[in-house]
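Below: the structure, in C-alpha cells.
The values are calculated or read from the model by the stated rules, or taken from the named source; none is laboratory data. Keep in mind it's a predicted model, so treat the numbers as computed, not measured. Glycine gets a Cβ as well: all are built from the backbone with ideal geometry, and neighbour counts include every protein chain shown. Each accessible area value is taken on the protein alone, full model and side chains, heavy atoms only, with ligands, DNA and RNA left out. Shrake-Rupley method; radii C 1.70, N 1.55, O 1.52, S 1.80 Å.
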Amino acid sequence: MRRTITILVLPALLFIFIFFVLPLLFLLAQSVQDPETGRLTLAGYGDFFQRETSQIIYVRTLRLGLTITIIDIVLAYPASYFLARMPARRRTLAMSLVILPLMTNPVARTYAWLIILGRTGLINNVLLGLGLIDQPARLIFTEGAIILGLAQLFLPLMILSLVSAMENIPEDIEQAARSLGANSLTTFLRVIVPLSADGLVLGATLVFTGSITAYVTPVILGGNRMLMLSTLLRQRALMAFDEQGATVVAVVMIATALAVNLIVRLFRPKPAAQR
Amino acid sequence: MLEITDLRVEYEKGVPTLDHYDLTVHSGELVSLLGPSGCGKTTTLRAVAGFVVPASGQITVAGRDVTRIPPNQRDIGLVFQSYALFPHLTVAQNIAFGLRMRGVRGSERDRRVAEALKLVDLEGLGGRRPAQLSGGQQQRVALARAVVIEPQLLLLDEPLSNLDAKLRVTMRTEIRRLQQRLGVTTLYVTHDQIEALAISDRVVVMNQGRIEQSGSPEEIYKQPATPFVADFLGFENHFAGTVTAVQNGETQLQAAGRSFTAIHADHDLNPGNDVWVYFRSEAAQLAAAPAANSLPVEVLLRTFQGSAVEYVVQSAQGEFKVRMPEDQLRFDPGPAHLLLNPQQLIVMPKT
C-alpha cells in the first residue's frame, strides 16, 4: 500500500524537482556567486539592502501588499457573507461570476485599466470635460494605480477563501447569538469572524504573497516610475543585464513570500474543532 | 405568557404557512407543538423567535408586543435541534454569551454561569470546548445557555432529535424538571408524539398550518378530535358507521348491519350522521363467541411480541390490528369475534 502510493506520487515529485526546485537552487547559487571570480559572496545581498532605491522598492512592495490585503479583506467580508447565505443554486452562479475576472487574460484586463486611468483615459476626460482640472492628472504609474489593479485582481481569491469558510457556519449558530441578545454587528464580530478565521488567514496569505510577487499589473500600471520587486527584477535582468542583481531580487522576493507564509502559519488562531 | 393572535406567515410569496393562527401559552406552562414536518410548527417557533417576519397578526411575550422587534431584543431563550453551540468558545463562555450581551460582568457573571452549569449537572466542565462533549452534554450546555439569561419565554426546537433513543428519554425528563423548577413559560416543538405527551402540560396538534386539537396529553391520547389527530396519535383502526341514537352520553351506531355503543363522544352528533369510529389495537379483544359490541372476524396473522400478542384480523369493515396480553386465550388463523370496548371507541363526524 505504502509503496504503491510512493510510486503514484513519484512522477509529479520528479517533475517538480527538475523544473522547479532545481532551477530555484541554481538561482540561489547564482545569487551568492561572484560573477567574475566565481567565489562565494554575499555582496549581491549587501548591495541590495544598502542601496536606497532597492530599500525603497522593498518597503514599497511590502506596504502595497499590506494595503491591498486590507482593502480586499474589507471589501470581501460583507460580500462573502452575502454569498455564503445565498440559496445554494444561486450561489453557484454568483460564485462563477466572482471567479470570472480570474479567467480573463491578465494583460487584456490590465490594459483595460489604462483606458480608464490613462492620460487620455475615461477619468481624465470626464474631469477635464467638467472643467474640474486644467491638465490631465497623473493616475497611471502611481502606487494608487497598482493598488487598484491588484486589489481588483485578487479580490476573488479573498472572496473564495472567505465563502468556503463561511459556508460551514450553520445558520443556527448565528440565530443562537441573535436570540441571546447580540445585534447583527456583534454577531458578525463575535461569531462569524472567529469562525471564518481560517478562510481569512488563507485569503490574506494568498492576496499578500500574490501582491508582492505580481508582475503584469505592476509592469503596466506602475511602469519604470513605480517599481515593485517584480518589476525591479525585470529591470535588472533585461535592461541592466545585471544577472546577479536580478537573482538577488528573485531570492529576496521568494524568501519574503515564504517567510510571510511561515509566520502566518505559526501565529494563526488554532482552528476551532467543530462537531 | 405567550400570545399569538391571528398570525399569518407567508414563506413563499402569497402562500401562507400559517393563517388565522391563534395560540396562547400561559405563564409557567409547557406547551408542545406536535405535528409532521411541514405542518407549520417550526415556522410558528421561528416567528415567535423573530427569525420569520409575519405578514400580519400579533405576537406578545409577557404582555409586550414583539411582532416587529428584532430577535436580539425579544428576551427569549432558544434551544436548537443542532445545539448550535459556539464551537470557538468554551462551555462557560457559551453560557456567558447572553449575560455578556446584557452587560452582566465580573463576579456576577461568573456566579450565574456556575449556577447554570450546576443546574444542568455539568459542574467542572466549564473549560471544555463543545466538541469535547457528548451530544447529551452539548444539549445541556445549550439549555443552560438559554435559561441563564432568565428569559420570559423558552423555545425548544426538536431538542432531542439528534440524541439516541435512551438518552432522549433521560433528557426529556431533565428538560421537564428544569422547566418546572424555573417555572419558565415554554414552547416545545416536536414531531414525536410520545415525547410531546410525556413532557407537556398541553399538547397542540398541528396540520397544514392549522391547529387540529389542543388539550392535555390525556385528552389528546384518549379523545382525539379529528381523524388526523387519531391517525397521528397512533389509532391503528377505524371504520365507517351511522349514528342511530344519542342519549345519556351514549352513542348508538350502525355499521355493516351491526350495532355498536360508544360511551365517549364529545361531538354534537345526531341520528343519521355519518361518522368514523376509531379504536386502538388495545381497545379490542378477540373472543370465541359473539357478544354485545362485537363483530365477526377472520384471524389472519398472530405475532408474538413478548408481553403482548398482536393479531391482524379481517372483518366486513376492513382489516384491524388487535393487541392482547400474552396470557390470554390463543387464537390461530380462522374465524373469531372481535369485542370492542365501548369506553374506548372514538366517534367523530365524517367531514
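Give, as residue ranges, the helices (runs of 4 or more DSSP H) completely inside region A:167-275 that count at least 3 residues that are modelled with pLDDT under 90 and either in contact with a helix residue (DSSP H, G or I) (Cβ under 6 Å, 6 or more places away or on another chain) or not charged (D, E, K, R) (or both).
A:243-267
Report the residue count in region A:35-69 for those that are touching a residue at least 60 places away in the same chain (Cβ under 8 Å) and over 26 Å from the mean Cα position of the chain (by Cα).
3
Give just the number: which of (1) facing chain A (nearest Cβ under 8 Å); (2) surrounded by fewer than 17 Cβ atoms within 10 Å (Cβ to Cβ) does B:PHE97 not satisfy?
Every listed condition holds for B:PHE97 apart from (2).
Yes/no per residue for (1) in a loop (DSSP other than H, G, I, E, B); (2) open to solvent by 50 Å² or more (accessible area, probe 1.4 Å); (3) out of contact with any Gly (no Cβ under 7 Å at 6 or more places or on another chain):
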{"site": "A:ILE70", "(1), (2), (3)": "no, yes, yes"}
{"site": "A:MET86", "(1), (2), (3)": "yes, no, yes"}
{"site": "A:ARG109", "(1), (2), (3)": "no, no, yes"}
{"site": "A:LEU127", "(1), (2), (3)": "no, yes, yes"}
{"site": "A:GLY131", "(1), (2), (3)": "yes, yes, yes"}
{"site": "A:ALA137", "(1), (2), (3)": "yes, no, yes"}
{"site": "A:GLY144", "(1), (2), (3)": "no, no, yes"}
{"site": "A:GLN152", "(1), (2), (3)": "no, yes, yes"}
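Is region A:180-199 home to any residue that is within 30 Å of B:VAL147 (Cα to Cα) and in contact with a strand residue (DSSP E or B) (Cβ under 6 Å, 6 or more places away or on another chain)?
No: zero hits.
Quick check on B:PHE260: is it assigned to a loop (DSSP other than H, G, I, E, B), within 25 Å of B:GLN314 (Cα to Cα) and open to solvent by less than 30 Å² (accessible area, probe 1.4 Å)?
Details: assigned to a loop (DSSP other than H, G, I, E, B): no; within 25 Å of B:GLN314 (Cα to Cα): yes; open to solvent by less than 30 Å² (accessible area, probe 1.4 Å): yes.
Criteria not met by B:PHE260.
So, of the residues in region B:65-94 that are free of Cβ contacts under 8 Å to residues at least 24 places away in the same chain and under 21 Å from B:LEU7 (Cα atoms), which turns out to be farthest from the other protein chains (Cβ to nearest Cβ)?
Only one residue fits best here, namely B:ASP65.
Would you say A:LEU122 is without any contact (Cβ under 8 Å) to a residue 12 or more places away in the chain and either open to solvent by 70 Å² or more (accessible area, probe 1.4 Å) or within 27 Å of the chain's Cα centre (by Cα) (or both)?
On the way: without any contact (Cβ under 8 Å) to a residue 12 or more places away in the chain: yes; either open to solvent by 70 Å² or more (accessible area, probe 1.4 Å) or within 27 Å of the chain's Cα centre (by Cα) (or both): yes.
So A:LEU122 fits the description; yes.
Looking at (1) over 23 Å from B:VAL120 (Cβ atoms); (2) crowded, with 16+ Cβ neighbours inside 10 Å; (3) within 14 Å of another protein chain (Cβ to nearest Cβ), which is the one condition that is false for B:ILE4?
The failed condition is (3).
Residue-by-condition table, conditions (1) assigned to a strand (DSSP E or B); (2) of a type in the set (S, T, N, Q):
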| position | (1), (2) |
| --- | --- |
| B:THR170 | no, yes |
| B:ILE175 | no, no |
| B:GLU212 | yes, no |
| B:PHE228 | no, no |
| B:VAL277 | yes, no |
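For region B:183-208, what are the residues that are in a strand (DSSP E or B) and at pLDDT 95 or above?
B:THR185, B:THR186, B:LEU187, B:TYR188, B:VAL189, B:THR190, B:ARG202, B:VAL203, B:VAL204, B:VAL205, B:MET206 - these are the residues of region B:183-208 that are in a strand (DSSP E or B) and at pLDDT 95 or above.
Take the residues in region A:156-191 that are within 26 Å of the chain's Cα centre (by Cα) and open to solvent by 40 Å² or more (accessible area, probe 1.4 Å); name whichever of them is nearest to A:ALA94 (Cα to Cα).
Filtering region A:156-191 for residues that are within 26 Å of the chain's Cα centre (by Cα) and open to solvent by 40 Å² or more (accessible area, probe 1.4 Å), the one nearest to A:ALA94 (Cα to Cα) comes out as A:LEU160.
So, in region A:158-183, of the ones that are more than 25 Å from B:PRO159 (Cα to Cα) and small (Gly, Ala, Ser), which residue ends up nearest to the other protein chains (Cβ to nearest Cβ)?
Looking at residues that are more than 25 Å from B:PRO159 (Cα to Cα) and small (Gly, Ala, Ser), I get A:ALA165.
Evaluate region A:96-103: report whether one residue or more is crowded, with 17+ Cβ neighbours inside 10 Å and either hydroxyl-bearing (Ser, Thr, Tyr) or closer than 24 Å to A:TYR215 by Cα (or both).
Yes, because at least one residue in region A:96-103 is crowded, with 17+ Cβ neighbours inside 10 Å and either hydroxyl-bearing (Ser, Thr, Tyr) or closer than 24 Å to A:TYR215 by Cα (or both).
Kindly check whether there is at least one residue in region A:14-27 that is touching a helix residue (DSSP H, G or I) at 6+ places or on another chain (Cβ under 6 Å) and either touching a residue at least 40 places away in the same chain (Cβ under 8 Å) or not in a helix (DSSP H, G or I) (or both). Full working, then the answer.
Within region A:14-27, the subset touching a helix residue (DSSP H, G or I) at 6+ places or on another chain (Cβ under 6 Å) is A:27.
Keeping just the survivors that are either touching a residue at least 40 places away in the same chain (Cβ under 8 Å) or not in a helix (DSSP H, G or I) (or both) gives A:27.
Within region A:14-27, one or more residues are touching a helix residue (DSSP H, G or I) at 6+ places or on another chain (Cβ under 6 Å) and either touching a residue at least 40 places away in the same chain (Cβ under 8 Å) or not in a helix (DSSP H, G or I) (or both).
Here is a yes/no grid of residues against (1) in contact (Cβ under 8 Å) with a residue 40 or more places away in the chain; (2) open to solvent by less than 40 Å² (accessible area, probe 1.4 Å); (3) of a type in the set (S, T, N, Q); (4) away from every other protein chain (no Cβ under 14 Å):
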{"site": "B:ALA146", "(1), (2), (3), (4)": "yes, yes, no, no"}
{"site": "B:LEU155", "(1), (2), (3), (4)": "yes, yes, no, no"}
{"site": "B:LEU167", "(1), (2), (3), (4)": "no, no, no, yes"}
{"site": "B:ARG172", "(1), (2), (3), (4)": "no, no, no, yes"}
{"site": "B:GLN179", "(1), (2), (3), (4)": "yes, yes, yes, yes"}
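If you take the residues of region B:313-328 that are of a type outside the set (Lys, Arg), assigned to a strand (DSSP E or B) and within 20 Å of B:TRP276 (Cα to Cα), which of them is most open to solvent (accessible area, probe 1.4 Å)?
Residue satisfying both the conditions and the ranking: B:GLU319.
Checking the condition closer than 17 Å to A:ILE169 by Cβ and over 27 Å from the mean Cα position of the chain (by Cα), which residue from B:PHE97, B:PHE80 passes? So that I can check it myself, show each step before the final result.
Values: B:PHE80 fails: over 27 Å from the mean Cα position of the chain (by Cα).
Of B:PHE97, B:PHE80, the one residue that is closer than 17 Å to A:ILE169 by Cβ and over 27 Å from the mean Cα position of the chain (by Cα) is B:PHE97.
Of these, B:SER27, B:SER32, which one is open to solvent by 10 Å² or more (accessible area, probe 1.4 Å), of a type outside the set (D, E, K, R) and more than 14 Å from chain A (Cβ to nearest Cβ)?
Among B:SER27, B:SER32, only B:SER27 is open to solvent by 10 Å² or more (accessible area, probe 1.4 Å), of a type outside the set (D, E, K, R) and more than 14 Å from chain A (Cβ to nearest Cβ).
Which one of B:ARG105, B:ARG129, B:ARG109 is surrounded by fewer than 20 Cβ atoms within 10 Å (Cβ to Cβ), within 9 Å of another protein chain (Cβ to nearest Cβ) and either under 18 Å from B:LEU155 (Cα atoms) or not aliphatic (A, V, I, L, M) (or both)?
When all the criteria are applied, what remains is B:ARG129.
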